[in-house]
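J.: Pasting a structure here, questions to come.
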Amino acid sequence: MFVLALFGCAVHTSQAGLVAVDRGPADRGPVELRTYEGKRYRLHLDEESAPVRYLGNATVRVEGTRFGRGLWVENWYVQDAGDGSGGFVGLLRVYGSRLVVDDRNTRRTLVIADGTAPELRALVGKVVLLRGHVVGGETIEVAAFRVLEP
């Protein structure tokens, strides 16, 4: 009965809001989602959702189990990268001679236009947030980027 009462308050939910991070020691401070309605949820992140920690001041939709003021993130995507666009978020990798990103927002592999961000070559294997625009069939021109890892 106690276990049922304890977990009876856990609810699967989907919430959107700004990510706020208290950097704390070793970059391990709490991560909070501040919703449009003024609610605050402490986000509990696993390995898959760890990049959310580095999305400060971006609007993110998170889905997961809410218990009290905590939300255990099971899925997430960026709604606003800070410039009004959704951005492109994913693992940066090389495919042949091209850079590509496996975008979690669109669930597609997108090609990065040649020459738009040559410094991205050094970040292959990292999760990144790219801001830019589509210039052709699943090709994006990068205007700015942020690494979503320490």
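What follows draws every value from the coordinates through simple rules; no lab data is involved. Since this is a predicted model, take the numbers as computed values, not measurements. FYI the Cβ positions are ideal-geometry reconstructions off the backbone, even for glycines, and counts take in every protein chain you see.
J.: Between 118, 30, 51, which gets the highest mean-square fluctuation from a Gaussian network model of the chain, Cα cutoff 10 Å?
T.: Greatest mean-square fluctuation among the candidates belongs to 118.
J.: Excluding residue 125 itself, calculate the net charge of residues whose Cβ lies under 14 Å from the Cβ of residue 125, where each Lys or Arg counts +1 and each Asp or Glu counts -1.
T.: Values: positive: 93, 121, 126; negative: 102, 149.
Summing Lys and Arg as +1 and Asp and Glu as -1 gives +1.
J.: Could I ask something else about it? Restricting attention to segment 57-150, which chymotrypsin sites (Phe, Trp or Tyr not before Pro) occupy a DSSP loop and are surrounded by at most 12 other Cβ atoms within 10 Å? Please report the intermediate quantities before stating the final value.
T.: On the way: sites: 67, 72, 76, 77, 88, 95, 145; in loops: none.
Here no chymotrypsin sites (Phe, Trp or Tyr not before Pro) fit, given the DSSP loop and packing criteria.
J.: Around residue 139, what is the net charge, scoring Lys/Arg as +1 and Asp/Glu as -1 over all other residues with Cβ under 14 Å from its Cβ? Walk me through the intermediate numbers first.
T.: On the way: positive: 98, 108; negative: 103, 114, 138, 141.
Net charge around residue 139: -2.
J.: Which of the following values of Cα Rg over 2.2 N^0.38 Å was calculated from the structure shown: [x] 1.74; [y] 1.40; [z] 1.15?
T.: Derived directly from the coordinates: [z].
J.: Find the centroid of the Cα atoms in segment 101-150 and in segment 77-92, then give the distance between the two in whole Å.
T.: 10 Å
J.: Rounded to whole Hz and in sequence order, give me ³J(HN,Hα) for segment 40-56 from the Karplus expression 6.51 cos²θ - 1.76 cosθ + 1.60, θ = phi - 60°, writing x for Gly and Pro.
T.: Along segment 40-56, the couplings run 10, 10, 7, 8, 9, 10, 10, 4, 5, 9, 3, x, 4, 3, 9, 9, x Hz.
J.: To continue, here is another question. How large is ³J(HN,Hα) for each residue in segment 15-20, as worked out from phi by the Karplus curve 6.51 cos²θ - 1.76 cosθ + 1.60 (θ = phi - 60°), to whole Hz, x for Gly and Pro?
T.: Using θ = phi - 60°, the values come out as 10, 10, x, 7, 8, 10 Hz.
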